[in-house]
Amino acid sequence: MSKQYDVIVIGAGPGGMTAALYASRANLSVLMLDRGIYGGQMNNTAAIENYPGFTSILGPELGQKMYDGATQFGAEYAYGNVTDVHVDGQAKVVVTDEGEYQAKAVIIATGAEHRKLGIPGEEEYGGRGVSYCAVCDGAFFRNRDVAVIGGGDSAVEEGIYLTGPAAKVTVMHRRDQLRAQKIIQQRAFANEKMDFVWNAGVSEILGDGTKVTGVRYVDKETGAERVQPASGVFIYVGIMPLTDSFKHLGVLDENGWIPTDENMATRVPGVFAIGDVRAKHLRQITTAVGEGGQAGQSVFDYIQSLQDEALANGAVPSAN
Ligand code: NAP
């Protein structure tokens, strides 16, 4: 018989850890499963400046604090690569590489991952100059020139971070205007180590067989093909939901995100979703945390409603 919990939280990022805190503090038995170290994307973030209570805090440090908070009321944490979730009557069965767990409710908090460009050279030079994580790999490019592809918050913020180790950071964007928040843009424009290539249709990551040497692109205004020399290429062109394991559950929209109501409930009773994996506009630590708190309470209400229903049907109340 698989181990049983009131609620299983899949994914231990800021949303998942907050949901675990709220649910365990409401005296529910909680298991957090994650296929990596707790903290989620915070582990790849250098300084977090927009989380209330801290003017600036290292991502992994905030992750540790959230973990300590999440586990203080008895929530358990275990490694688990979840491959499927299915409904068996009122039970939710969570299947991992190493076994099954059962719960009355499930909270999906698996987040999202970096989108790939899908151009020649991207895969070939992965780990040899192509990166999706400035904090992890920036130090390899000390006093070198690097390119950042994208124009959103991630591209520009991580580009600013890279101006620390790198000699020069060139942001290559497919339009002539950044998508990033104005305050981040201002900081980038004021940084002497940063420059911009506008209207760049990036077509290939170039290399010498062992390492990256540059980026081939088309200047969309003139149609001219050009090469931007670079020792490293950091790709930040958006994110994709990590929801493959929930395909059979019937909770995904046509693009793989999970729509919920304001209580974080999906269309399957007892299945909730929070954080970056939700179909929504703003993906922030603060929003994930708020949604986690709501989901913790919603799970409590859901389990209470199951008990009320059982009592109404003549069940004998349990000792707890
Ligand atoms: P994003 O906001 O979706 O931006 C993706 C960028 O990549 C856009 O500039 C987009 O160009 C470009 N792009 C997309 N596909 C491309 C392609 N095939 N080729 C070239 N360029 C392409 O993604 P993000 O920056 O990863 O941010 C994700 C979410 O996290 C956002 O909600 C963001 O606000 C949030 N975030 C917030 C912070 C913060 O508040 N400090 C930091 C990081 C991320 P277009 O502009 O032309 O579409």
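The values are calculated or read from the model by the stated rules, or taken from the named source; none is laboratory data. Computed from a predicted model, the values in this text were never measured in an experiment. For neighbour counting, all protein chains shown are included, and Cβ atoms are generated from backbone atoms with ideal geometry for every residue, glycine included.
Taking each residue of segment 280-307 that is touching a residue at least 60 places away in the same chain (Cβ under 8 Å) and looking for partners that are charged (D, E, K, R) and more than 16 Å from the ligand (Cβ to nearest atom) with beta-carbon atoms closer than 7 Å, six or more apart or interchain, yields ILE303/ASP6; ILE303/LYS104; LEU306/LYS104.
Being away from the ligand (no atom under 14 Å from the Cβ) and among the β-branched types (Val, Ile, Thr) holds for only one residue in VAL169, VAL237, VAL218, and it is VAL169.
Taking the numbered list (1) under 20 Å from VAL271 (Cβ atoms); (2) in contact with a strand residue (DSSP E or B) (Cβ under 6 Å, 6 or more places away or on another chain) in turn, ARG35 passes all entries but (2). Restricted to segment 1-25, and to residues there that are of a type in the set (S, T, N, Q) and in contact with a Gly (Cβ under 9 Å, 6 or more places away or on another chain), the residue that is surrounded by the most Cβ atoms within 10 Å (Cβ to Cβ) is THR18. Of the residues making up segment 177-202, those that are within 19 Å of ALA167 (Cβ to Cβ) and either free of Cβ contacts under 8 Å to residues at least 24 places away in the same chain or β-branched (Val, Ile, Thr) (or both) are PHE189, ALA190, GLU192, VAL197. Listed here are the strands (runs of 3 or more DSSP E) enclosed by segment 26-129 that have at least 2 residues being surrounded by fewer than 14 Cβ atoms within 10 Å (Cβ to Cβ): 82-88, 99-108.
Quick one: is GLY127 within 30 Å of ILE205 (Cα to Cα) and either modelled with pLDDT under 95 or among the polar types (S, T, N, Q) (or both)? Even if it seems obvious, please write down each step before you answer.
Numbers: within 30 Å of ILE205 (Cα to Cα): yes; either modelled with pLDDT under 95 or among the polar types (S, T, N, Q) (or both): yes.
Considered against the rule, which asks whether it is within 30 Å of ILE205 (Cα to Cα) and either modelled with pLDDT under 95 or among the polar types (S, T, N, Q) (or both), GLY127 comes out as yes.
Exactly one residue out of VAL215, VAL251, VAL233 is part of a loop (DSSP other than H, G, I, E, B), surrounded by 14 or more Cβ atoms within 10 Å (Cβ to Cβ) and either of a type outside the set (Phe, Trp, Tyr) or in contact (Cβ under 8 Å) with a residue 40 or more places away in the chain (or both): that is VAL251. Just one residue in the set GLY232, GLY138, GLY159 is modelled with pLDDT under 95, under 28 Å from the mean Cα position of the chain (by Cα) and more than 10 Å from the ligand (Cβ to nearest atom); that residue is GLY138. In segment 93-102, is there at least one residue being within 16 Å of the ligand (Cβ to nearest atom) and not basic (Lys, Arg)? No: segment 93-102 contains no residue that is within 16 Å of the ligand (Cβ to nearest atom) and not basic (Lys, Arg). Do we have VAL130 as out of contact with any Ser or Thr (no Cβ under 9 Å at 6 or more places or on another chain) and not assigned by TED's automatic domain parsing to the domain that holds TRP198 here? Answer is no for this residue.
Scanning segment 180-196 for residues that are of a type in the set (D, E, K, R) and either within 12 Å of the ligand (Cβ to nearest atom) or modelled with pLDDT under 95 (or both) yields LYS182, ARG187. The lone criterion from (1) over 21 Å from the mean Cα position of the chain (by Cα); (2) assigned to a strand (DSSP E or B) left unmet by MET240 is number (1).
Within the option set GLY39, GLY69, GLY53, being over 21 Å from the mean Cα position of the chain (by Cα), at pLDDT 95 or above, more than 18 Å from VAL299 (Cα to Cα) and in the same structural domain as LEU282 (by TED's automatic domain parsing) holds for one residue only, GLY53. Within segment 197-215, being closer than 11 Å to ALA147 by Cβ and within 16 Å of the ligand (Cβ to nearest atom) holds for VAL197, ALA200, VAL202, ILE205, VAL215. The residue list SER2, SER56 contains one member that is in contact with an Asp or Glu (Cβ under 7 Å, 6 or more places away or on another chain) and away from the ligand (no atom under 16 Å from the Cβ), which is SER2. Going by the conditions given, is HIS281 more than 12 Å from the ligand (Cβ to nearest atom) and at pLDDT below 95? No. All conditions but one from (1) within 11 Å of the ligand (Cβ to nearest atom); (2) assigned to a helix (DSSP H, G or I); (3) among the polar types (S, T, N, Q) apply to GLN177; the one that does not is (2). Of all the residues in segment 254-264, those that are surrounded by fewer than 21 Cβ atoms within 10 Å (Cβ to Cβ), in contact with a strand residue (DSSP E or B) (Cβ under 9 Å, 6 or more places away or on another chain) and on the phi < 0 side of the Ramachandran plot number 4.
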